[in-house]
Structures are given as structure tokens and as C-alpha cells.
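Beneath this line is the structure, given in C-alpha cells, with notes to follow.
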Amino acid sequence: MIHKIGIVACSRWLCTSHSKSVVMRIPVSGAAGHGSYFKMLSTSPTRQTVMPAWVIDKYGSNDVLRFTKNASFPMIRYPNEVIVKVHAAGLNPIDLSMRGGYGAATLSMKRDPLNIMQTGSEFPLILGRDVSGVIMECGLDVGYFKPGDEVWAAIPPWKQGSLAEFVVVSGNEVSLKPKSLSHTEAAVIPYVAATAWSALVNTGGLNKDNCAKKRILIIGASGGVGTFAIQMVKAWGGHVTATCSQNAEGLVRGLGADHVVDYTTGDVAGQLKALEKFDLILDNVGGDTEKWALGLLKPWSGAKYVTLVTPFLLNTDTLGMADGMLQTGVTIASKALKHLSKGVHYRWGFFAPSGVALDEVCEMVDAGQIRPVVEEQFTFAQVPQAFLKLEKGHARGKTVVNIVSGDTQ
């Protein structure tokens, strides 16, 4: 199995030159030639130029969401890209924040690093970070995938999202969908999987070979990232302590958590301090948690505290790119040095798209080690209601939006 994973990863990079949430379902269209960017790939004399989508034309509250049948059809602009026919798409809390303009300065710079386009050029903006669907077209350098492949991906927030009939993703962001899951089930996993993987593996240094017997604390364990992280750590043999509310305790224990602390019962810090110290803490809550959480780590043993709640985008939004990045650098450096002197490592975790990571997650899903956590379902026409559900907050996984025939017509 290990060798097979390695071969998959190598093949992906060699052949392609690249390499809490809401979900909707869109039926596969019968037209085979939708959206060909390269004429040599077109199989229809009439190319599709528009598609149905939910867009925003400005930042704001839920009333900025607008359904249109005339969203621009995505085009392959780079040879390592693919066009995916969306069967299921997902919203995450980051989409809710983006709807209000959170991270606009940094994301605009990422979209247009040379500042060629005018202000507001990101509109109309399509939200949605998770996608599960079928590849329709491939760029010239894509050899690992082919039209007709069922795939899933986590779409970076600086790209147009998946609340649409079609979406373009890079070959290094996409992966073959688990065979054991439907598109709806698959679409609840990629963004939280990529985020948890980045935090625990890339930043935290965990992997399937070194995780056994390590003690991991997951703060805010009942959300999307937390529920995935529990399952991944348990699949790798780690010991998981989780914090959540009482109404989510059954879910968290069902996913494999060894010990659960109910944060509604009183002094969470006191309850956790009574336990054996931890090798790694994943913090999905932030705020005052930092004041006491690092004291729960094993000192001078390489133990790490990784938080997903950082001031990076807030700094650049409020201070501008230059001053915001400077302030961010000063903050992370001072905190890292402060805690390093106490024998523990302080780190920030960030979402990072990775098809290679999703390849490994796919094997874990098909092996029964990870299952999707789905809560409530909506139709594509009810996307605004799905946003409202997300806005109210929920602690039992992802809310699903199902698309039936005719919803996108």
C-alpha cells in the first residue's frame, strides 16, 4: 500500500506537469462538448459560453447572493488545468467570511499580483470550496487524468468556486474520488481534509509512521476540520482528546475520540491540565485558548501547538498588504520565540490545496478509516438558505445541498 501511494504521487507530478459546510448536487449533462477551451478538444460545433451559478457582485450579507444562468463559462488557461462538471459542491465557513469581504486584500493580490486589473475585478465571484464531479476537458500537459474521471478537489479561495455547473482546477489540486462515496458524500471532505492535512502533517509533522501512541488534543473537535482530524489521527494510531459541546459528544466519540471534554461544563483548562500532557495540539477555536493551551504540551520534546485561527488576513485587510504582512511577521516571530524558550513550538496552520494529500485521503476513505459527516440537505435553489444555516453555526459536520434535474436550467 505504501509503495502504491508513492507511485501515484510520482505519476501525478510527472504526467501532469504539476503535479460545517454546505454541499450541492448537479446532474451530469448529456452534452459531451461543454466548454472546450482548446479547439482541438471540442466535440461540439457550438461551444457553451455561459452556465448557471450563484455569484456575488459585492461583499455583504446574504442578500448579495445572486443566481444567474449567464455566468461566464470557465476556460482552461494553463496546460495543467482541467474543467470539472460539478456534481456536488460545498460551502465552508471561509465562504461565509469571503461573502463579507474577509481576506479581500490578500486574495485580490493573489488573483492579480501585478495589479493590472482594476479594483473590484474579482466580481462576479463564485463561492464554494469543495467540489466532486467528472472531468470534461484536460489541458495539454495533463496525463494523469482523462475526461470521464470522477474526481474531487479543494478549490483555493483565490479561485472561482464550485457553486456553478462547471469549475476549472489545477491538476495538482484534484484527485480521483473515493469509489466508496457518492459525489454528495465526497464533497464534504476535500477542504477540511486539505486544511487538517496541512496543519497536522505539513506544520505539525505528523504522519502515519510516527503518530502511533502520540497524544493529540483537538480543541473545537466537532466542526468540519476537527471531525476529519479525529479520524485521521485515529487511523494512524494516535490517542485523541477532544473538546466539544455536550450535544456533539456522541458524534466525536463515534468518530474515535478516546477522551472528550465538554467545554460547557466549566473550567476546560482545568480539566485538561489534570490529564497527561500532549505531543500536539490542534486549535480550531483561537481567542483566549492560547493563554493556557501551550501549557498542556510536553516541554522539551518537540511538542507543537498549531492554531488555525490566525490574524494574517485580518491584518492585511485592516493595515494594507505591506503593513499587514509586517505586523503578521512580528506577531508570529514574537510568539514563536516566547514559547520556544519554554520548550514548546508555536505554529500557525493554513489551508493548502493538495491533490497528492487527497490521494492518500482517498485510500483511507475506501479503507473505511474515514467517513463523511453530513448533517442537513438543501437544493441548489436554496443556496441562500444554506448560507443562513452556515451563518447560525452548527457542530455536527457539513450541511448538504442536493441539486435535482432542472435546478440549473
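The values are calculated or read from the model by the stated rules, or taken from the named source; none is laboratory data. Note that the coordinates shown come from a computational prediction; the quantities given were computed from them, not determined experimentally. Using ideal geometry, Cβ is built from the backbone for each residue, glycine included, and neighbour counts are taken over all protein chains shown.
Miscellaneous remarks
- Residue that is modelled with the highest pLDDT, among those in the stretch 371-409 that are in contact with a Phe, Trp or Tyr (Cβ under 6 Å, 6 or more places away or on another chain) and surrounded by 21 or more Cβ atoms within 10 Å (Cβ to Cβ): Val383
- Residue count, the stretch 345-368 (criterion: outside any helix (DSSP H, G or I) and either over 19 Å from the mean Cα position of the chain (by Cα) or among the basic types (Lys, Arg) (or both)): 5
- Residues being surrounded by fewer than 16 Cβ atoms within 10 Å (Cβ to Cβ) and touching a Ser or Thr at 6+ places or on another chain (Cβ under 7 Å) - total across the stretch 101-115: 1
- Identity of the residue in the stretch 31-54, aromatic (Phe, Trp, Tyr) and modelled with pLDDT under 75, that ends up surrounded by the most Cβ atoms within 10 Å (Cβ to Cβ): Tyr37
- Pick from the stretch 55-70, criterion of a type in the set (Ser, Thr, Tyr) and assigned to a loop (DSSP other than H, G, I, E, B), ranking: surrounded by the most Cβ atoms within 10 Å (Cβ to Cβ): Tyr59
- Residues of the stretch 161-183 that turn out to be assigned to a loop (DSSP other than H, G, I, E, B) and buried (at least 23 other Cβ atoms within 10 Å of the Cβ), as a count: 8
- Of the residues Ala333, Ala303, the single one that is of a type in the set (Gly, Ala, Ser) and touching a Phe, Trp or Tyr at 6+ places or on another chain (Cβ under 9 Å) is Ala303.
- Filter result (in contact with a helix residue (DSSP H, G or I) (Cβ under 6 Å, 6 or more places away or on another chain) and in a helix (DSSP H, G or I)) within the stretch 234-254: Ala235, Gln246
- Remark: pairs (first residue in the stretch 232-255, on the phi > 0 side of the Ramachandran plot and modelled with pLDDT of 95 or more; second residue surrounded by 22 or more Cβ atoms within 10 Å (Cβ to Cβ) and not small (Gly, Ala, Ser); Cβ separation under 7 Å; 6+ apart in sequence or on different chains) = Gly237/Cys211.
- Subset of the stretch 71-100 (residues that are crowded, with 21+ Cβ neighbours inside 10 Å and either in a helix (DSSP H, G or I) or outside the structural domain of Lys389 (by TED's automatic domain parsing) (or both)): Asp95, Met98, Arg99
- The helices (runs of 4 or more DSSP H) found entirely in the stretch 258-344 that carry 1 or more residues being surrounded by 16 or more Cβ atoms within 10 Å (Cβ to Cβ), charged (D, E, K, R) and out of contact with any His (no Cβ under 8 Å at 6 or more places or on another chain) are 289-293, 312-319, 321-340.
- Test: residue in the stretch 184-194 that is part of a loop (DSSP other than H, G, I, E, B), in the same structural domain as Lys146 (by TED's automatic domain parsing), charged (D, E, K, R) and under 30 Å from Ile76 (Cα atoms): no
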